[in-house]
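The values are calculated or read from the model by the stated rules, or taken from the named source; none is laboratory data. Quick caveat, the model's predicted, so the values are computed rather than measured. As a convention, Cβ positions derive from the backbone with ideal geometry for all residues, glycine included, and neighbour counts pool all protein chains shown. Remember, those area values only see protein heavy atoms, side chains included, never the ligands or the DNA or RNA. Shrake-Rupley method; radii C 1.70, N 1.55, O 1.52, S 1.80 Å.
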Amino acid sequence: MKIFVCIKQVPDTETKIKIAEDKCGIDVSSVSKWIISPYDEYALEEAVKTKESNPGAKVIAICVGPAKRTQSTLRTSLAMGADEAIAIDAPDSLDTHLTALALAKAIKNEGGCDLVFCGKLAIDDNASAVTQQLAEFLDMPHATVVTKFENSAGISIITREGDGGNKELIELKSPAVLGASKGLNTPRFVSLPNIMKAKAKPLKEVTLASLDVSLEQRKISFFDFRPPPAKPSTKIVGGEAEQQVKELVRLLREESKVL
Amino acid sequence: MGKFLVFAESSGGILKKGTIELLTAVKNSGQACEILALGADAEVTANEAAKFGATGAIICNSPTLANYNPELFTVLVVDMIKKSQASTVLATSSSLGRDLFPRVGAKLNTGAISDCTELEISGENVVVRRPLYAAKCSAAVKFENGPIKIILMRPNQLPLGAPGVGSIKIESVALPKLDLKTVIKEVVRGTSQKLDLTEANIIVSGGRGLGEAKNFQLLESLANVLGATVGASRAVVDLGWVAHSMQVGQTGKTVAPSLYIAVGISGAIQHMAGMSSSKVIVAINKDAQAPIFQKATYGIVGDLFDILPKLTEEFKRVLS
Ligand SMILES: Cc1cc2nc3c(=O)[nH]c(=O)nc-3n(C[C@H](O)[C@H](O)[C@H](O)COP(=O)(O)OP(=O)(O)OC[C@H]3O[C@@H](n4cnc5c(N)ncnc54)[C@H](O)[C@@H]3O)c2cc1C
Ligand SMILES: Nc1ncnc2c1ncn2[C@@H]1O[C@H](COP(=O)(O)O)[C@@H](O)[C@H]1O
């Protein structure tokens, strides 16, 4: 059994974001800390758990992004239990379509797989797109927002969270692409011995060109980056509770007219 | 020719607010608008959409479509979009829309962009913006190398038109017979019959300040008066007080209601990432230094156990 896990490297949630000079992106050099996108940790944990209950199985972590930078994230993935890693060297400005295309081609080059785990979404672009696009390019069924996963006899039995907290119980024929959400598992801590072991695990680099993907083919790009609009200063409603409440309701109705 | 196609979502025969917003945007631009509807009552949906300016519809009406199956929906929607010859597809960035359209885009070899908060239609041109990096910035979207633009808008961002009378030309497509690899076994409806957080116009959210799980009832009462949906901070989700589906924030849901009331929530950056584009934010917190006050439109510094029941009563009084 071969399982791929798609890992995205994103700026740490606490980092301040600086807009680049040309306003066509952020100034990545100003990002002080990069992390595994949190949902991808659930994806990785589920892949490793699945491997542990399927002797002989192998987990390959795969990441699209500037390889020099993403290597550290892939090493962490190896320390968390992946057996091998592939860094697809690509600029940050790739869109989700090309990211998925590169992932699909790399996975095919490795001889395909039985399962792919992704995260529900990446916390930088909040796109929730790569999972489904990848599934399309691999011609596999997909499910996103997966909160429960079981695998038996080539069928993935999953629970996904749909609209309004609905729980959908779905069966997918393997191979399938699954987008992991919170609740699926509790990602394990990385132990020091595993960090040491990870250093010896294979991590290979692949160029975008070798996958026949180029930035020129992208479908979506961003420009005119702006900081969020300044909020008008906060009105603190004073007085005793009764007055505060009356004044707040008045403001909501008469000033901001949201009620 | 440029043509706008709105993916119409309804529930129980009533159009979702996000759909009405999109229909209104196209109508106000003076462009022709068609819709695409699939479900167990797609025809009703089409007739409802006519009231908001849609003049044509491509539908697939079948009880099989009552539950969302990504594989089946993708095949159908791709086929319907091709039939329509639309150049721009507009849909709500609902959980269904977000799951479906990236795959539809991939199949059509075109770009799909979710989570947009600004939409301007002038002639056949569309300009959209969306937040990025946990709403620490926003950017305009450029479409390249694709025949069709697929745009998913967050609800509650655009004005709502009033219903009128209109007629609509309906074209039906048959349900394709497919050997599906995806089987929906069961759908357990969420306990809440309220709007999903991502679509709610008013959200009342609670944090650790509520002290214990049962105090969420205070929020429920307030929400009932306002017709609001209840949300939560991650802290209380982690404590197991409420379900993860209620979590707002960077690792929860991104919401942008007209009114967001944060009760006993400190306003951590990861929480604000999920709600900072709400139109009006009210913070109720006993700590005047809590960061939530920096993003709030209105703030009450006080004990929530004192404020909440009085606030619920006051809303009841003025809204009845
Ligand atoms: C990678 C990552 C992702 C995260 N994602 C999210 C996310 O998606 N969503 C999210 O919410 N958090 C997220 N967090 C967690 C976040 O950092 C905070 O820990 C969390 O939001 C705090 O929740 P809280 O405001 O309910 O609790 P606290 O920070 O403990 O705040 C409780 C507040 O209640 C007030 N209070 C207490 N008693 C009363 C009273 N009687 N009356 C009035 N006010 C009172 C206090 O003054 C305080 O401000 C994430 C963290 C990380 C590291
Ligand atoms: N650059 C990338 N490299 C590897 N995996 C990615 C990348 N971007 C997105 N993914 C995967 O796709 C999921 C959804 O991402 P997104 O569509 O960007 O929200 C992520 O949780 C990852 O599992």
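Among the residues making up region A:92-145, those that are more than 23 Å from A:Ala82 (Cα to Cα) and of a type in the set (A, V, I, L, M, F, W, C) are A:Leu94, A:Leu98, A:Ala127, A:Ala129, A:Phe137.
For the structure I just gave you, tell me whether A:Ala230 is farther than 21 Å from A:Leu98 by Cβ, surrounded by 12 or more Cβ atoms within 10 Å (Cβ to Cβ) and not charged (D, E, K, R). Give the steps one after another, and end with the answer.
Numbers: farther than 21 Å from A:Leu98 by Cβ: yes; surrounded by 12 or more Cβ atoms within 10 Å (Cβ to Cβ): no; not charged (D, E, K, R): yes.
The answer is no for A:Ala230.
So which residues in region B:264-288 are buried (at least 17 other Cβ atoms within 10 Å of the Cβ) and under 16 Å from A:Ile236 (Cβ atoms)? Scanning region B:264-288 gives B:Gly267, B:Val280, B:Ile281, B:Val282, B:Ala283, B:Ile284, B:Asn285. Candidates in region B:194-207 are the residues that are under 16 Å from B:Ala243 (Cβ atoms) and more than 8 Å from chain A (Cβ to nearest Cβ); of these, the one that is most open to solvent (accessible area, probe 1.4 Å) is B:Thr198.
State yes or no: is A:Gly164 modelled with pLDDT under 95 and not in a strand (DSSP E or B)?
Values: modelled with pLDDT under 95: yes; not in a strand (DSSP E or B): yes.
Answer is yes for this residue.
Filtered by the rule that a residue be free of Cβ contacts under 8 Å to residues at least 60 places away in the same chain and open to solvent by less than 40 Å² (accessible area, probe 1.4 Å), region A:171-192 gives a lone residue, A:Leu172.
For region A:90-103, give me each residue that is buried (at least 20 other Cβ atoms within 10 Å of the Cβ) and within 11 Å of ligand 2 (Cβ to nearest atom). Write out each step before concluding.
Looking only at region A:90-103, we keep the residues that are buried (at least 20 other Cβ atoms within 10 Å of the Cβ), and these are A:90, A:94-103.
Residues satisfying the conditions are A:Ala90, A:Leu94, A:Asp95, A:Thr96, A:His97, A:Leu98, A:Thr99, A:Ala100, A:Ala102, A:Leu103.
Given the residues B:Glu186, B:Glu120, B:Glu144, B:Glu124, which is the only one that is under 19 Å from B:Glu21 (Cα atoms), within 14 Å of another protein chain (Cβ to nearest Cβ) and either open to solvent by 30 Å² or more (accessible area, probe 1.4 Å) or more than 19 Å from the chain's Cα centre (by Cα) (or both)?
Numbers: B:Glu186 fails: under 19 Å from B:Glu21 (Cα atoms); B:Glu144 fails: under 19 Å from B:Glu21 (Cα atoms); B:Glu124 fails: within 14 Å of another protein chain (Cβ to nearest Cβ).
When all the criteria are applied, what remains is B:Glu120.
Looking only at region B:164-174, filter to residues that are open to solvent by less than 90 Å² (accessible area, probe 1.4 Å) and at pLDDT 95 or above; which one of those is nearest to the chain's Cα centre (by Cα)? That would be B:Gly164.
Out of the residues in region B:289-302 meeting the condition of being facing chain A (nearest Cβ under 8 Å) and open to solvent by 10 Å² or more (accessible area, probe 1.4 Å), tell me which one is nearest to ligand 2 (Cβ to nearest atom). Checked region B:289-302; the qualifying residue nearest to ligand 2 (Cβ to nearest atom) is B:Lys295. When B:Lys316 is tested against (1) within 22 Å of the chain's Cα centre (by Cα); (2) more than 9 Å from chain A (Cβ to nearest Cβ); (3) not in a loop (DSSP other than H, G, I, E, B); (4) not β-branched (Val, Ile, Thr), exactly one condition is not met: (1).
Output yes when any residue across region B:48-61 is buried (at least 24 other Cβ atoms within 10 Å of the Cβ) and in contact with a Phe, Trp or Tyr (Cβ under 6 Å, 6 or more places away or on another chain), and no when none is. Looking through region B:48-61, none of the residues is buried (at least 24 other Cβ atoms within 10 Å of the Cβ) and in contact with a Phe, Trp or Tyr (Cβ under 6 Å, 6 or more places away or on another chain).
Could you tell me whether region A:197-216 includes any residue that is within 14 Å of another protein chain (Cβ to nearest Cβ) and under 30 Å from B:Phe293 (Cα atoms)?
So the first thing to find is which residues in region A:197-216 are within 14 Å of another protein chain (Cβ to nearest Cβ), and the list is A:213-216.
Narrowing the set further to residues that are under 30 Å from B:Phe293 (Cα atoms) leaves none.
No.
With respect to the stated conditions, A:Glu45 is under 18 Å from A:Cys118 (Cα atoms), away from every other protein chain (no Cβ under 14 Å) and within 15 Å of ligand 2 (Cβ to nearest atom).
Return yes or no: is B:Lys253 crowded, with 18+ Cβ neighbours inside 10 Å and facing chain A (nearest Cβ under 7 Å)? I'd like the intermediate steps shown before the answer.
Numbers: crowded, with 18+ Cβ neighbours inside 10 Å: yes; facing chain A (nearest Cβ under 7 Å): no.
It is false that B:Lys253 is crowded, with 18+ Cβ neighbours inside 10 Å and facing chain A (nearest Cβ under 7 Å).
Would a scan of region A:193-204 turn up a residue that is over 16 Å from A:Ala82 (Cβ atoms), open to solvent by 50 Å² or more (accessible area, probe 1.4 Å) and at pLDDT 95 or above? Taking every residue of region A:193-204 in turn, none turns out to be over 16 Å from A:Ala82 (Cβ atoms), open to solvent by 50 Å² or more (accessible area, probe 1.4 Å) and at pLDDT 95 or above.
The conditions of being open to solvent by less than 40 Å² (accessible area, probe 1.4 Å) and either part of a strand (DSSP E or B) or on the phi < 0 side of the Ramachandran plot (or both) are met by A:Thr70. Across region B:1-17, the qualifying residues are those that are surrounded by fewer than 24 Cβ atoms within 10 Å (Cβ to Cβ) and small (Gly, Ala, Ser), and the one among them that is modelled with the highest pLDDT is B:Ser10. Flag: B:Glu71 does not match the condition of being surrounded by fewer than 23 Cβ atoms within 10 Å (Cβ to Cβ) and in a strand (DSSP E or B).
Among the residues of region A:16-44, those identified as within 16 Å of ligand 1 (Cβ to nearest atom), hydrophobic (A, V, I, L, M, F, W, C) and in a helix (DSSP H, G or I) are A:Ala43, A:Leu44.
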